[in-house]
Each structure stands twice: as structure tokens, then as C-alpha cells.
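One structure is given here, and the rest of the page talks about it.
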């Protein structure tokens, strides 16, 4: 399997854990002290790091650090928007579309040397 496919797959899985670690406590643990939420979030984040570190190491064999970061941000927002709408019941906003369009531009500039 190509390194870029492995990297993207690992980053997607990593981001699922990251999104839950960062935001699920707002819904599920809002009645608990922040330290409990932090400890549970750190436990979830361990799985994020177990996927994210190899993803970045593998990705760095074919991508620059800047490209890895832009890829990470695109994956993060691609997962965060549905998570916030579906799980947290946040309203879908037009601002998400504008953010996505800005990310398309960021992807273009980060990867244009590989495109042409």
C-alpha cells in the first residue's frame, strides 16, 4: 500500500480519537469536574497519538512537514463538521463552507509542486 494512503488512513483514525478526546466531554461529562474530563480525554488521546505518530513518520517519507500539517487540518475539519452537527447537535453553518474553500486553497498551495 502506498505511504500516502497509509498516512491518510492513520490520520483519519487518529482524528476520530482526537475529536472525541477534545470535544465529547462537552456533551458527556459536562456535569463532572474538569479534571475528570481531562483525565478521560487524555486516555482517549493516547489512542490518537498511537496512530498519529506513525502516520506522520510514514507520511514524512513522501511529504514535507507543511504538507503533512495541511493534510491533517483538512482531515480534522472534514471530521469535525459532521461530528459537531451529528454528535454535538450544533447547527450547520455557512461559515463551514467558507472554511472548507479556504482549505482547498491551502491544499493547492501546499501540494502544487507535486501537481505539476
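Some observations on this one:
- Paramagnetic reach from residue 4 (point 7 Å along Cα→Cβ, amide N under 19 Å) across the stretch 95-116: 103-116
- Once the Cα atoms are used to define both axes, helix 3-19 deviates from the longest principal axis of the chain by about 20 degrees.
- Cα-based convex hull volume of the chain per residue, rounded to whole Å³: 108
- For the stretch 59-102 and the stretch 28-42, distance of Cα centres in Å: 24
- Semi-axes of the equivalent ellipsoid for the stretch 61-115, Cα gyration tensor, largest first, Å: 26, 13, 6
- Extension gain from residue 39 to residue 101, taking 0.36 nm per residue of separation minus the Cα-Cα distance: 18.8 nm
- Report summary: the helix-based calculation at 222 nm, which adds -39500 (n - 2.57) for every DSSP H run with n ≥ 4 and divides by the residues of the chain, gives -26500 deg cm²/dmol.
- Order of 9, 84, 30 - criterion: other Cβ atoms within 10 Å of each residue's Cβ, fewest first: 30, 9, 84
- Degrees separating the helix 94-115 axis from the principal Cα axis of the chain, which is the longest one: 30
- C-alpha long axis of helix 34-59 to longest principal axis of the chain, angle in °: 10
- Mean Cα-pair separation over length for the chain, i.e. relative contact order, pairs under 8 Å, 6 or more apart, %: 34
- Choice from 82, 54, 33 with maximal GNM fluctuation in the chain (Cα, 10 Å cutoff): 33
Laboratory data are not the source of any read-out in this text; all were calculated from the coordinates shown. Since the structure is predicted, the reported quantities are computational estimates derived from the model, not experimental observations. Backbone-built Cβ (ideal geometry, glycine too); neighbour counts: all protein chains shown.
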